[in-house]
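The next block holds one structure in the form of structure tokens; read it before the comments.
Please treat every number below as a calculation from the coordinates, not as lab data. Since we're looking at a predicted model, the values are computed, not measured. Heads up, the Cβs are rebuilt from the backbone with ideal geometry, glycines too, and the neighbour counts pull from every protein chain shown.
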Amino acid sequence: MIVAESEYLKGVPSILPMYDKSLVIELLDEIDEAIRRIKRRFSGITEADDFIRNDDGLDRLDAIGMMLIAGAPTPSGRGS
């Protein structure tokens, strides 16, 4: 989902101009998309055991785990 720059940067301290705003916006878009996918994959899950009850639950757990791993910071500062 593309969000207007002003929506993401509203209330951000003035030190931000020393960063590449387009990169910040791109990263925030990626985070927003990952959150929406994780929420969708959690739909229908009411308790932790739902993840291990059947293949569908395990697939959801795998997919959510991969989203979290893909977005995890690395020493370079970007996700994997």
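Among the residues of segment 23-57, those that are loosely packed, with under 14 Cβ neighbours inside 10 Å, in a helix (DSSP H, G or I) and more than 20 Å from the chain's Cα centre (by Cα) comprise Ala48, Asp49, Asp55, Asp56. Whenever a residue of segment 28-56 is free of Cβ contacts under 8 Å to residues at least 12 places away in the same chain, its partners that are surrounded by 12 or more Cβ atoms within 10 Å (Cβ to Cβ) and not in a helix (DSSP H, G or I), lying with C-beta atoms within less than 8 angstrom and at least six residues away or across chains, give the pairs Phe51/Ile45.
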